[in-house]
Amino acid sequence: MTLEQQLTRPLSLDRRIFSYFMSAIAVLFTGLALLPLLSVLFEILRQGLPNLKWEVFTNLPAPAGDTSVVGGFANAIQGTVLMVSMAALFSVPFGIAIAVYLSEIGKSGAIAQTVRFVLSILSAVPSIVVGVFAYAVIVLSTIFGYRGFSALAGSFALAVIMLPIVVLSTEEALKLVPKHQRLASAALGANSMQTVFKIVLKAALPSITTGVLLAIARASGETAPLIFTALFSQTWVEQILNPTPSLSVMIYNYSSSAFPEQTQMAWTASLVLLGLVTITNLLSRLITQKR
Amino acid sequence: MLHSISQSELALSAQNVDVFYGDRKALSSISMDIYLGQVTAIIGPSGCGKSTFIKALNRIGELESEMRVQGQLEFFGQNIYSPRVNLNRLRRQIGMVFQKPNPFPMSIYDNVAYGVRVFSRVSRSLLDEMVEKALADAALWDEVKDNLKKSALSLSGGQQQRLCIARALAVKPRVLLMDEPCSALDPIATMKIEELINSLRQEFTIVIVTHNMQQAARISDRTAFFSTDESRIGQLVELDDTQKIFSSATNSRTRDYVEGRFG
Amino acid sequence: MTTSRFRETTVSDSIEGGNTAWIDLGFAWGLRILAISTIAILLWMGWIIFNQALPAIRSFGLGFITRQEWDVNQLQFGAKTYLYGTIVTSAIALLFAVPIGVMIAIVTSEKFLPGWLRSTLGFLIELIASIPSVIIGFWGIFVLIPFMKPIQSALHQQFSWIPLFGTETFGPSLLVAGTILAVMILPTIAAISRDVMLAIPQDLRTASLSLGATRWEMITTVLIPASLSGIIGAIMLALGRALGETMAVTMVIGNSDQVSLSLLDPGNTIPSILANQFPEALDELHIGALMYLALILFALTLVINMIANSIVKTFGLKQ
């Protein structure tokens with residue numbers, strides 16, 4: 001065989017078949033992976049969009065089986081916003097404080113390493129177990145004379161879920177602030193609290209916001225911990241020590257409903273919830289990209 | 001450029017100072033005096049501990065890493081490492097300018113005002129005055145006076161470094177430490193800063209670390225030559241009037257270094 | 001003297017005294033206490049669940065794990081059904097998600113496709129992970145189950161001699177639950193495996209290719225083996241998530257109390273029975289049994305995640 005023949009001869013058949021086969025599998029698997037995503041998005045838009053009327057944001061759910069009234073789920077939106085806000089109110093300052101500790105004070109010490117380890121465990125706890133914890137701590141206790149399902153219990157569970165996310169992303173954000181900025185501040189005579197607040201946190205703010213938004217998006221979609229902490233309600237949210245509705249629990253409840261209007265509502269609610277979560281996620285990306 | 005050494009007050013004094021990073025000794029038996037109102041330059045090859053020394057003076061070194069200091073370091077007669085020392089006060093009295101300009105991501109005005117605000121509540125008009133004076137002292141006022149609200153990061157490298165100097169001057173330190181302030185700058189910016197140091201010598205005591213011997217010869221009253229041997233532990237080889245160091249140094253190692261025979 | 005040339009200070013000239021040392025100390029200690037309280041939260045969580053589970057632990061002991069009955073009225077409880085369901089659905093999920101996830105990782109890390117396509121693909125896969133579980137479960141009920149019904153029937157028709165496909169299905173089943181879990185853990189496997197592969201030095205690939213291997217040969221003989229431990233870490237992490245996944249599984253698994261060998265039968269997992277029964281549990285022993293289940297789940301996910309973390313950390317990967 002000449003050199004030219006040696007160089008231009010095609011590969012043996014079995015090797016070529018292997019390559020084509022693997023490429024085909026790659027295409028197939030990629031398609032399979034994308035299929036559920038596309039299906040979910042498609043169905044939600046197809047089934048949820050038609051009912052996306054203004055009333056959804058202003059009305060209470062119609063009584064089951066009553067098709068004369070245009071129902072909505074304004075109370076569920078209320079509940080989700082309320083509980084996520086309460087959870088953020090607790091977990092964000094707490095989380096940032098812990099991250100400041102880890103990044104500025106504890107660093108690689110024993111306490112800091114233990115705390116990081118504990119946080120990684122906390123983030124891996126199934127959300128239903130967190131719900132069980134919140135149930136035992138809050139629902140079973142009497143608070144201000146009230147014992148039972150409440151928004152307080154729900155937001156407690158959500159706060160525990162949000163905490164590791166906030167701490168992790170804040171610590172990463174703080175690490176990005178150059179070390180010599182801290183030194184320059186100290187060299188001017190600022191104490192550590194002043195340096196942290198005026199220089200470090202300020203510089204890290206966009207990245208911290210990103211992490212917070214991600215945590216909020218995650219908390220908004222949680223269902224399992226809310227099922228037996230906040231339960232659900234068909235009326236407006238009036239106080240935090242009462243069963244409270246939420247978008248996610250509503251979708252769950254309506255999914256097994258015998259009434260088609262309710263399952264239709266659930267599609268629309270899914271659309272709204274998914275929209276909420278996606279916008280929050282996109283917002284968080286935008287903030288760090290702008291920098 | 002020459003000032004005779006009068007019996008001026010001792011701004012900083014080191015007696016037998018050893019500096020350690022953890023277990024590793026970085027500087028050994030440093031004894032030197034820095035006089036009030038003078039510019040003292042510290043020269044020497046890289047890695048000989050020049051930066052380490054000045055970072056021990058304002059106790060910034062211990063923030064960066066495990067720095068331990070043995071021996072006596074005094075600031076106007078007060079022991080810098082006394083347990084009663086308030087670190088924040090010390091650092092306010094001993095200012096520092098770093099190698100790479102590091103303005104805060106704020107406006108020019110806020111950068112200069114930062115140190116003042118950290119320590120006291122000053123009326124807006126007084127603060128304006130202090131900012132203007134600091135920027136003027138740093139030879140930056142004319143260039144930025146119409147744009148004080150602009151971000152400090154929009155300035156050129158040389159301007160940023162002068163801003164950092166202004167920022168340090170605003171809190172009115174008694175001593176200004178400069179750690180190779182021109183090494184990240186172009187020759188023109190460097191020249192401006194040298195002029196600036198010259199104009200400051202009336203009001204401030206300056207210690208400048210530099211690897212640029214010509215610079216040390218141009219601007220300093222006294223020069224200290226640091227070096228290491230095979231042990232890699234820094235030592236003070238010679239400290240004298242600048243003119244003497246550069247023309248007729250006593251120690252042969254100093255002569256070798258300033259004549260460029262080793263670097 | 002010469003000091004008259006020097007400026008007046010606005011604060012005293014002494015470098016001693018002042019209360020800022022207290023601020024630094026107080027600040028550091030305040031933060032330290034807050035950080036330590038996270039440890040307290042975890043311990044509290046474990047303690048409370050354990051405490052609440054005590055009535056059941058005392059009644060049933062370790063045999064709880066092998067008992068099958070779950071009778072609320074008779075107050076007889078056992079974890080077997082739920083452990084079985086949890087393990088089976090997770091196994092099915094891994095079976096589907098691992099090959100597909102690893103393949104996606106290959107496609108998004110190797111240079112087959114143009115860069116923009118790779119990042120779009122990666123983005124889309126990540127998107128799945130951000131969809132709330134309840135929405136995926138809802139879709140599962142109304143789209144996946146109808147879709148899989150003919151498939152499941154066909155499996156039963158053709159393979160009923162295999163116990164796995166031994167029964168006729170009416171929709172919700174272990175198989176569907178496993179499938180939906182696969183959809184949910186796919187992004188985890190894909191993303192982490194991708195990171196692992198990207199971290200493999202280019203030299204390894206070029207060495208193989210320069211010896212005449214085709215791209216796919218290089219991938220299967222060099223890349224995958226080199227990435228293996230990292231991929232296993234990814235699988236463990238995904239398993240940890242699969243074990244604890246609640247909503248999507250609950251909504252499509254059919255909620256039965258029986259342990260059945262057939263994948264086409266409905267079943268139950270620990271998270272789904274917790275979701276189903278907790279809101280209405282009243283009796284102390286009932287709650288205790290549920291808490292016992294939660295404890296088992298807690299311990300299980302803890303162990304899996306710790307193993308996964310140590311594997312992933314060895315490679316310095318982000319999650």
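Laboratory data are not the source of any read-out in this text; all were calculated from the coordinates shown. Owing to the predicted nature of the structure, the values given are computational and were not obtained by experimental measurement. Note: ideal-geometry Cβ built from the backbone for every residue, glycine included; neighbour counts use all protein chains shown.
Net charge dipole, the protein assembly as shown: roughly 1080 debye, given to the nearest 20, about the Cα centre with Cβ charges of +1 for Lys and Arg and -1 for Asp and Glu.
Where does helix B:124-137 land angle-wise versus the long Cα axis of chain B, in degrees 0 to 90, nearest 10? The two axes meet at around 40 degrees.
DSSP assigns beta bridges within the protein assembly as shown; of those with both partners inside it, close to 60 percent run antiparallel. With neighbours defined as other Cβ atoms within 10 Å of a residue's Cβ, the residues B:D179, C:D71 order from fewest to most as C:D71, B:D179. Under a Gaussian network description of chain C, with springs only between Cα atoms under 10 Å, the residue in C:G166, C:G230, C:G101 that fluctuates furthest is C:G166. Of the peptides C:182-191, C:290-299, A:82-91, A:245-254, the order by per-residue mean of other Cβ atoms within 10 Å, starting with the highest, comes out as A:245-254, C:182-191, C:290-299, A:82-91. Counted over region A:74-290 with a bin width of 10 Å, the fraction of Cα pairs per bin, in whole percents, is 9, 29, 30, 20, 9, 3, 0. Farthest toward the positive end of the dipole of chain A, out of A:L213, A:A26, A:V115, is the Cα of A:V115, where the dipole comes from beta carbon charges about the Cα centre. Sorting B:K172, C:K111 from the fewest to the most surrounding beta carbons within 10 angstrom yields C:K111, B:K172.
Among the DSSP helices (H) of chain C, those spanning at least 18 angstrom by Cα along their long axis with an average Kyte-Doolittle hydropathy of 1.0 or more are C:20-60, C:80-109, C:115-130, C:174-199, C:224-244, C:284-314; this is a geometric and hydropathy rule only.
For the segment A:108-118, counting C-beta atoms of other chains within 10 Å of every residue's C-beta and taking the mean gives 3. Counting Cβ atoms of other protein chains within 10 Å of each residue's Cβ and taking the mean over peptide A:130-142 gives 5.
If the limit is 20 Å between Cα atoms, which of A:K179/B:K55; A:K175/B:K50; A:K179/A:K202; B:K100/B:K172; A:K107/B:K55; A:K202/C:K313 go over it? Violating the 20 Å limit, Cα to Cα: A:K175/B:K50; B:K100/B:K172; A:K107/B:K55; A:K202/C:K313. Quick one: grab the alpha carbon gyration tensor of chain C, order the square roots of its eigenvalues as a ≥ b ≥ c, and give me rounded if a/c is under 1.5, else prolate or oblate depending on whether a/b is larger than b/c. Here chain C falls in the oblate category. Neighbour counts of other Cβ atoms within 10 Å put B:L163, C:L155, B:L73 in the fewest-to-most order C:L155, B:L73, B:L163.
Enter the mean number of other protein chain beta carbons within 10 Å of the beta carbon of each residue in C:137-144, as an integer.
6
The aspartates and glutamates whose alpha-carbon is closer than 14 Å to the alpha-carbon of B:K150, local same-chain residues fewer than 8 away aside, are B:D110.
DSSP assigns beta bridges within region B:85-240; of those with both partners inside it, close to 45 percent run antiparallel.
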